[in-house]
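Taken together, the values in this text are just the output of simple stated rules run on the coordinates, not laboratory data. Because the structure is a prediction, the values reported are computed rather than measured. All Cβ positions, glycine included, derive from the backbone under ideal geometry; neighbour counts span all protein chains shown.
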Amino acid sequence: MTKPKILVARAVFPEVIARLEQYFEVESNQLDETWSKAQLMAQLKDKQGAFTTGSDRIDGEVLAACPSLKICANMAVGYNNFDIDAMTAAGVLATNAPDVLTETTADFGFALLMATARRLTESEHFLRAGKWSKWSYDMFAGSDIHGATLGILGMGRIGQGIARRGALGFGMKVIYHNRSRLDAALEAECKASYVSKEDLLKSADHLVLVLPYSAQSHHAIGAAELAQMKPTATLVNIARGGIVDDVALAAALRSKRIAAAGLDVFEGEPVVHPDLLSLSNVVLTPHIASATIPTRLAMANLAADNLIAFFTGKVPPTPINPAALATK
Ligand code: 8YV
């Protein structure tokens, strides 16, 4: 029997490729070349399945060029690189990789928050540059984490992980805003109180963004929102570029409208707005919140599980648009 053909659009663990090869004729981008959309379409046009990452955009144009495609398995929990409506209409199943990255990503959210509030990278750059000649009482004084008010915008699994770390580990008062309120038991477990977005902005000493990107969440934090925050506040974005208006944020950081920001994601990444690069009160990391080897391996294996289940007649574990199965 001929094996279905799949494309692995980015370099991934060799053991995951070997696992996929047991089931599929695999073409993979192990050189990790950066493909244009036209190159992606050319590679994908004769394939039945795709293993994608957040950098691979699957939209109506790609789908029209790839009539054999039946499933795209994303090695990411976020899936704003997929046009889900177009995929459902084309009968292409989309799957993502939730849960396996929750705790690792929450750990990183906290690391970025602490680095930002305590001016870790700024002070390290100072030291490495040979500028440390004497101790002084207010040198790189930052803001406290323990006992402060932690605001969380977006209270899914990762937001809940950050809430637990803040409340249980650091004695923080945790407030959150989300499209829907958590049930009372989960709120109690996370020791988190639901507030309006306005109250969240006004009251948080540290605000962490963990909401999915969509047309509705585009620039959820812009100049108007930044203007409502405390001048001593820190802002952390581990969600998606585009949720924060990066130009407005750079202006707010420059004028000290807020104290500092920690950013793992950017509008137009991997390009980072030059205004952000020139500021010292911002910690910048290259989209690494889920980057530990065990977690990245679990994410890759979950994407592989979805492809294998689909083509062996089983139910894929983490589908996004099961309605697609009825279309083709
Ligand atoms: C990924 C992420 O590393 O899971 C997500 O949504 O943003 C990251 O964990 C990235 O998208 C690669 O696919």
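The table for this structure:
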read-out: Convex hull volume per residue for segment 1-69, taking Cα atoms only, in Å³; value: 74 Å³
read-out: Residue-averaged 222 nm ellipticity for the chain, from DSSP H runs of 4+ at -39500 (n - 2.57), nearest 500; value: -9500 deg cm²/dmol
read-out: Residue of Ala300, Ala50, Ala141 that the Gaussian network model of the chain assigns the largest fluctuation, springs spanning Cα pairs under 10 Å; value: Ala141
read-out: Convex hull per residue volume in Å³, alpha carbons only, for segment 102-284; value: 117 Å³
read-out: GNM result for the chain, Cα springs below 10 Å: residue of Asp205, Asp83, Asp56 fluctuating most strongly; value: Asp83
read-out: Three-way shape call for segment 194-289 based on the alpha-carbon gyration tensor, with the a/c threshold at 1.5; value: oblate
read-out: Neighbourhood net charge (10 Å Cβ-Cβ; Lys/Arg +1, Asp/Glu -1) for Ala233; value: +2
read-out: Charge sum, other residues only, whose C-beta stays under 9 Å from Pro286's C-beta, Lys/Arg counted +1 and Asp/Glu -1; value: -2
read-out: Residues Ser123, Ser136, Ser214 arranged by fewest to most Cβ contacts within 10 Å; value: Ser136, Ser214, Ser123
read-out: Linear extension gain, Ser255 paired with His218, 0.36 nm per residue minus alpha-carbon span; value: 11.0 nm
read-out: Neighbour-limited loop hits for trypsin sites (Lys or Arg not before Pro), segment 1-87 (at most 15 other Cβ within 10 Å; DSSP other than H, G, I, E, B); value: Lys45, Arg57
read-out: Max mean-square fluctuation residue, GNM over the chain, Cα-Cα springs under 10 Å, options Ser278, Ser217, Ser290; value: Ser278
read-out: Exposure proxy order (Cβ contacts within 10 Å, fewest to most) of Cys190, Cys72; value: Cys190, Cys72
read-out: Net charge contributed by nearby residues that have their C-beta within less than 11 Å of Val16 (K/R +1, D/E -1); value: -1
read-out: Gain on full stretching of the segment that runs from Asp199 to Leu279 - 0.36 nm per residue minus C-alpha separation; value: 26.0 nm
read-out: Segment 15-69: chymotrypsin sites (Phe, Trp or Tyr not before Pro) falling in loop per DSSP and having at most 15 other Cβ within 10 Å; value: none
read-out: D_trans [Stokes-Einstein, Kirkwood Rh over alpha-carbon pairs] for the chain, 10 °C, 1.306 mPa s, µm² s⁻¹; value: 75 µm²/s
read-out: Violating pairs (Cα-Cα greater than 20 angstrom) within the set Lys191/Lys256; Lys173/Lys230; Lys37/Lys314; Lys5/Lys314; Lys197/Lys256; Lys3/Lys47; value: Lys191/Lys256; Lys37/Lys314; Lys197/Lys256
read-out: Label point at Ala326 placed 7 Å out along Cα→Cβ; residues across segment 58-101 whose backbone nitrogen lies under 17 Å; value: 85-94
read-out: Percent of beta bridges antiparallel (DSSP, the chain, rounded to nearest 5); value: 0 percent
read-out: Thr312-Trp132 pseudo-label distance in nm [points 7 Å out on the Cα-to-Cβ vector]; value: 5.4 nm
read-out: Approximate spin-label separation Thr121-Glu27, in nm, with each point projected 7 Å along Cα-to-Cβ; value: 3.8 nm
read-out: DSSP H segments from the chain that extend 15 Å or more along their own axis, Cα-based, with Kyte-Doolittle mean of 0.0 or above; value: 102-117, 293-311
read-out: Chymotrypsin sites (Phe, Trp or Tyr not before Pro) restricted to segment 169-206 and DSSP loop, no more than 10 other C-beta within 10 Å; value: none
